[in-house]
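**Q** Sharing a structure below in structure tokens format, with a few things to ask.
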Amino acid sequence: MIRVLHSVSNMDRAGIETMLMNYYRHMDREKVQFDFLCNKTKPGAYDEEIKKMGGRIYHTPGLNPAKYPQYLKYMKQLFEEHKEYRIVEAHNGALGVYALHAAKVNKIPVRIFHAHGASITKDWKLPIKLVCKSMLPANMNHHFSCGVAAARCYFGDKVVDNNDYELIPNAIEVERFIFNEKVRTAMRKKNGFENKHVIGHVGRFMTQKNHAFLIDVFEEVAKKDSQAMLVLLGDGELQEEIRKKVNEKGLNDKVYFAGNVGNANEWYNAFDVFMLPSVWEGLPVVGVEAQANDLPCIFSESVTKEIGLSKKAEFLSLQETPLVWAQCVLDKLKDSNRKDNTQLITENNYNISYEAIKLQERYLELYEEQK
């Protein structure tokens with residue numbers, strides 16, 4: 001058995017972490033085991049499941065530049081105590097260079113950078129991220145990416161044009177997300193959504209996900225459709241700000257904050273339309289999940305077109321007004337027929353049952369090449 005060390009923020013329910021767990025659950029763990037290098041001390045929702053599957057969780061001093069000597073010391077000790085690590089894979093965006101540099105210094109032969117985002121968040125950390133991004137090529141020796149746009153962002157045009165990267169689809173457990181009429185009825189009854197038109201969104205409350213715009217769009221929808229409801233799955237640092245905006249617009253009885261749930265697959269059944277007006281994305285797992293459920297989907301044009309698997313997927317510019325978006329939502333609400341999309345998802349290489357085997361074999365190849 002080989003062990004792959006994944007550098008993450010922490011193993012909470014979010015896009016990258018959910019993708020990793022999808023692959024992890026479908027690995028032959030007698031051949032490949034996942035361990036997690038968490039850079040936040042906050043416990044993650046997946047921690048207990050990881051431990052039950054034989055995975056280890058380590059907590060670093062964090063990705064603060066001022067703490068880098070401590071980080072490097074921690075990693076040196078970790079690699080000295082665990083000689084079995086030959087593969088390190090970083091999922092932290094530009095800050096993934098911390099794990100990769102530490103791995104290089106400690107002579108770990110396989111250093112994978114896994115690109116997930118098609119843009120770099122422009123916050124106060126931007127200068128640090130840009131410096132870290134410039135250091136990535138010297139510290140990684142394998143390029144993984146969820147899609148072409150993310151690969152172009154982190155690896156550059158030359159790598160993409162030469163096809164010098166490996167595409168690792170954000171694959172899902174398809175059978176969990178296929179539309180189920182009985183689950184739909186039960187979820188809508190349980191939450192008081194009977195006879196409602198439910199617009200759904202799944203995502204962390206952060207600038208990237210553009211919840212403020214989503215609320216503006218829903219306000220316009222609600223003006224024209226008295227039965228409209230907006231359901232928001234997830235939590236995050238901007239949740240209170242969005243709650244305040246909902247309150248100011250007098251939409252409290254029409255917007256439901258479901259929180260960070262463990263049954264998103266059931267919630268998709270309760271939705272009538274799925275919206276993702278993100279400022280940027282790599283290749284969002286939730287977009288694959290929603291289309292597996294055969295939901296009409298509205299994505300912003302900032303989301304990579306690679307996610308448009310279904311004929312029910314539409315892309316709108318964020319330069320369009322909330323009114324234009326609202327009209328698109330109202331049009332999508334007319335499409336109520338849902339079918340089994342297993343074939344669609346599988347043909348587009350997002351079925352985890354097949355993709356996990358491919359990734360497992362790739363890890364084994366990389367390990368064998370370093371012997």
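**Q** Cα axis of helix 15-25 to longest principal axis of the chain: angle in degrees, 0 to 90, nearest 10?
**A** That works out to roughly 70 degrees.
**Q** If you roll a 1.4 angstrom probe over the protein chains with everything in place, what fraction of the accessible area of the stretch 53-94 belongs to carbon and sulfur, to the nearest %?
**A** 54 percent
**Q** Right, another one. Considering the values (1) 1.15; (2) 1.01; (3) 0.93, which represents Cα Rg over 2.2 N^0.38 Å as calculated for the structure under consideration?
**A** (2)
**Q** While we're looking at this one, here's another question. How would you classify the stretch 312-371 from its alpha-carbon gyration tensor, with a ≥ b ≥ c the square roots of the eigenvalues: rounded for a/c under 1.5, else prolate if a/b is greater than b/c, otherwise oblate?
**A** Because a/c hits 1.5 or more and a/b fails to exceed b/c, the stretch 312-371 counts as oblate.
**Q** When the dipole is taken about the Cα centre of the stretch 44-95, and only Lys, Arg (+1) and Asp, Glu (-1) are charged at their Cβ, what size is it in debye, to the nearest 20?
**A** It works out to roughly 180 debye.
**Q** Classify the stretch 1-131 as rounded, prolate or oblate, taking a ≥ b ≥ c as the square roots of the eigenvalues of its Cα gyration tensor: rounded when a/c is under 1.5, otherwise prolate if a/b is larger than b/c and oblate if not.
**A** Verdict is oblate for the stretch 1-131.
**Q** With angles folded into 0 to 90 degrees, how steeply does helix 352-369 sit against the dominant principal axis of the chain? Use alpha carbons for both and round to 10.
**A** 20 degrees
**Q** How much net charge surrounds His26 when only other residues with a Cβ under 11 Å from its Cβ are counted (Lys, Arg +1; Asp, Glu -1)?
**A** Residues near His26 contribute 0 overall.
**Q** For a quick check of understanding: with a 1.4 angstrom probe and all protein chains in place, what accessible area in square angstrom does Val131 have, to the nearest ten?
**A** It works out to around 80 Å².
**Q** Would you mind telling me which residue in Asn106, Asn351, Asn139 has the biggest mean-square fluctuation in a Gaussian network model of the chain, where springs connect alpha carbons within a distance under 10 angstrom?
**A** Result: Asn106 has the largest fluctuation of those listed.
**Q** Moving to a separate point now. List the pairs from Lys51/Lys125; Lys31/Lys51; Lys190/Lys224; Lys40/Lys67 whose alpha-carbon separation is above 22 Å, in the order I gave them.
**A** Lys51/Lys125; Lys190/Lys224
**Q** Here's something else I'd like to know. Taking the Cα-to-Cβ direction at Thr207 and at Lys311 and moving 7 Å from each Cα, how far apart do the two end points lie in nm?
**A** 4.0 nm
**Q** Taking 45 Å as R0, compute the FRET efficiency from the Cβ-Cβ separation of Asn191 and Lys158 and round it to 0.05.
**A** Computed FRET efficiency for Asn191 and Lys158: 0.35.
**Q** Of Tyr154, Tyr354, Tyr85, which is the most mobile in a GNM of the chain whose springs link Cα atoms less than 10 angstrom apart?
**A** Tyr354
**Q** Rounding to the nearest 10 and keeping the result within 0 to 90°, find how far the Cα-based axis of helix 68-81 lies from the longest principal axis of the chain.
**A** Helix 68-81 sits roughly 70 degrees off the main axis of the chain.
The values are calculated or read from the model by the stated rules, or taken from the named source; none is laboratory data. Since the structure is predicted, the reported quantities are computational estimates derived from the model, not experimental observations. All Cβ positions, glycine included, derive from the backbone under ideal geometry; neighbour counts span all protein chains shown. Surface accessibility is based on the protein's heavy atoms, side chains included, excluding ligands, DNA and RNA. Shrake-Rupley method; radii C 1.70, N 1.55, O 1.52, S 1.80 Å.
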